[in-house]
Amino acid sequence: MKVTGGGAPRGSSLTGAVRDMLPDAGPWVTAALWYPFVSAATPSEPLTDELGQILEHKLAPLVLDYIRSTRSAVAADVLLDLEKQKFALILHSQRVAARAAEVIGRLRDDGVQPIVIKGPGIAAHYASQASRPYSDVDILIAPADFARCLRRLKAHGWLELPDNRQPWPFFDRHCREAVNLLDGQGGSIDLHHHISPWLWSQDISVPAVVARATDVSAAGQTFPCADAADNLVVASLHLINDHFVPGGRLSIWRDVAQLAHAVDPDVAAERAGRYGLDGYLRSVLQALPGPARPAALIDRLGSTGVKHPRRLLRLIVPDRSRGSVVNAHLLRLPVANAALYLLGTIFPDRDFLRSHYGPRHGGLRRYWADAFKVRHGDRVH
């Protein structure tokens, strides 16, 4: 069955396209994903039929919440599998949070004002933070501070995986929004200078987001987190930016619903309008299942604030988004940055080619073949 349900009027091609991003899901996943917004009877089908999807999408904490809240009967071996994943996810979240707190302290010592987006800030709006684990911590800093902070963190052992290295060093600041860094001790951060995807987040001022920060406790640390309204916008944009499979992860849809019901409707509507994203956010919220839609917020949102609608549809409509990873990047970037990205991709740095393909001649052709592979959904051909 489709995870959407509810039968909301499409209203616009964008709303329909956003709704179509929702992955298919069985009755257990559907019930757990939207609980407690949607009241549903315990599914009669065996949960084992959906265990693979639950573990793949890291939904064990939400499924366990649902099982316990509804006192649903589930086989002991299935419960054990769910508990194992929940424990592993919580342990990882605590580890990355503790390491990220050290990074934030170091950045502050350097006079930088970082803010955490998603992650702990979203988890704080769940009934329990354990219901919303995270695999890394996203740290947003002002673009002017990015190059200096990146150099400093690398000097302290925070490095990017070799496979993620870009064709030119300048890509980090001018052709992508963030760099994922690992410290070899369980730490994992995404250091952002823009919110992804860049083209649609240009009107979001980092200093303004920092000024509205709220303190959130996680893993024994206190983080300066984006407030609920800003995180709602960030989470909704993340649907476009979900590892090149728009809307592919079910957990981000629950994040959007959770925040939309927690936020002050007037504040969220004003914020989305200021960013020129009110129409887009409205389409995202209308794509939620009927009872999960925040009616008060939807009523306050405008319907015309959709920046670059053609590019947006090309990214999120499967038939239009098929193409290379390079093409997806180009659609996400402002024009000047996209041109720089395309030029740097066609003519990469020689050191980059040698590090990826070895010293032998012919690396450029192999690189072009990889860079311009065609994507179909979540597969690359």
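The values are calculated or read from the model by the stated rules, or taken from the named source; none is laboratory data. Nothing here was measured: the structure is a model prediction, and the numbers come from that model. All Cβ positions, even for glycine, are placed from backbone atoms using ideal geometry, and neighbour counts span all protein chains on display. In case anyone asks, the SASA skips ligands and DNA or RNA and just uses the protein heavy atoms, side chains included. Shrake-Rupley method; radii C 1.70, N 1.55, O 1.52, S 1.80 Å.
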Just to be sure before I move on: is residue 272 surrounded by 24 or more Cβ atoms within 10 Å (Cβ to Cβ) and within 18 Å of the chain's Cα centre (by Cα) in the structure I sent? yes
When the residues of the range 332-381 are narrowed to those that are surrounded by 13 or more Cβ atoms within 10 Å (Cβ to Cβ), modelled with pLDDT under 90 and basic (Lys, Arg), which ends up farthest from residue 165 (Cα to Cα)? 375
Selection over the range 50-67 where residues are open to solvent by 70 Å² or more (accessible area, probe 1.4 Å) and of a type outside the set (Asp, Glu) yields a count of 1
Every pair of residues 6+ apart whose Cβ atoms lie under 7 Å, when the first sits in the range 166-189 and is assigned to a loop (DSSP other than H, G, I, E, B) while the second is open to solvent by 20 Å² or more (accessible area, probe 1.4 Å) and among the hydrophobic types (A, V, I, L, M, F, W, C): 175/340
Return the pair list, or none, for Cβ contacts closer than 6 Å from residues in the range 89-104 that are over 16 Å from residue 132 (Cα atoms) to residues that are of a type in the set (S, T, N, Q), at least 6 apart or on different chains. 101/221
Sort out which residues of the range 63-90 are of a type in the set (A, V, I, L, M), in a helix (DSSP H, G or I) and out of contact with any Lys or Arg (no Cβ under 7 Å at 6 or more places or on another chain), and write them in order of number. 63, 67, 76, 78, 79, 80, 82, 88, 90
Working only within the range 68-106, note down all residues that are surrounded by 16 or more Cβ atoms within 10 Å (Cβ to Cβ), within 26 Å of the chain's Cα centre (by Cα) and among the aliphatic types (A, V, I, L, M). 82, 89, 90, 96, 97, 98, 100, 101, 103, 104
Unique residue being open to solvent by less than 10 Å² (accessible area, probe 1.4 Å), of a type in the set (D, E, K, R) and either assigned to a helix (DSSP H, G or I) or under 14 Å from residue 119 (Cα atoms) (or both) when the list is 255, 266: 255
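Considering 230, 242, which residue is modelled with pLDDT under 95 and open to solvent by less than 30 Å² (accessible area, probe 1.4 Å)?
Numbers: 230 fails: modelled with pLDDT under 95.
Going through 230, 242 in turn, just one is modelled with pLDDT under 95 and open to solvent by less than 30 Å² (accessible area, probe 1.4 Å): 242.
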Which ones in the range 98-116 are under 18 Å from residue 182 (Cβ atoms) and of a type in the set (Lys, Arg)? 99, 106
Just wondering, is there one or more residues in the range 230-245 that are over 24 Å from residue 34 (Cβ atoms), part of a strand (DSSP E or B), within 16 Å of the chain's Cα centre (by Cα) and touching a residue at least 60 places away in the same chain (Cβ under 8 Å)? no
Across the range 141-165, which residue is surrounded by the most Cβ atoms within 10 Å (Cβ to Cβ) among those that are outside any loop (DSSP other than H, G, I, E, B) and small (Gly, Ala, Ser)? 147
The range 292-312 - residue that is part of a helix (DSSP H, G or I) and open to solvent by 30 Å² or more (accessible area, probe 1.4 Å) and, of those, nearest to residue 40 (Cα to Cα): 295
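Could you tell me how many of the residues in the range 174-206 are within 22 Å of residue 331 (Cα to Cα), of a type in the set (D, E, K, R) and buried (at least 17 other Cβ atoms within 10 Å of the Cβ)?
Residues in the range 174-206 being within 22 Å of residue 331 (Cα to Cα), of a type in the set (D, E, K, R) and buried (at least 17 other Cβ atoms within 10 Å of the Cβ): 3 in total.
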Looking at the range 196-226 only, could you name the residues that are charged (D, E, K, R) and either touching a helix residue (DSSP H, G or I) at 6+ places or on another chain (Cβ under 8 Å) or farther than 21 Å from residue 104 by Cα (or both)? 203, 212
Unique residue being closer than 29 Å to residue 159 by Cα and either out of contact with any Ser or Thr (no Cβ under 7 Å at 6 or more places or on another chain) or not acidic (Asp, Glu) (or both) when the list is 249, 274, 293: 249
Can residue 261 be described as closer than 20 Å to residue 177 by Cβ and open to solvent by 10 Å² or more (accessible area, probe 1.4 Å)? no
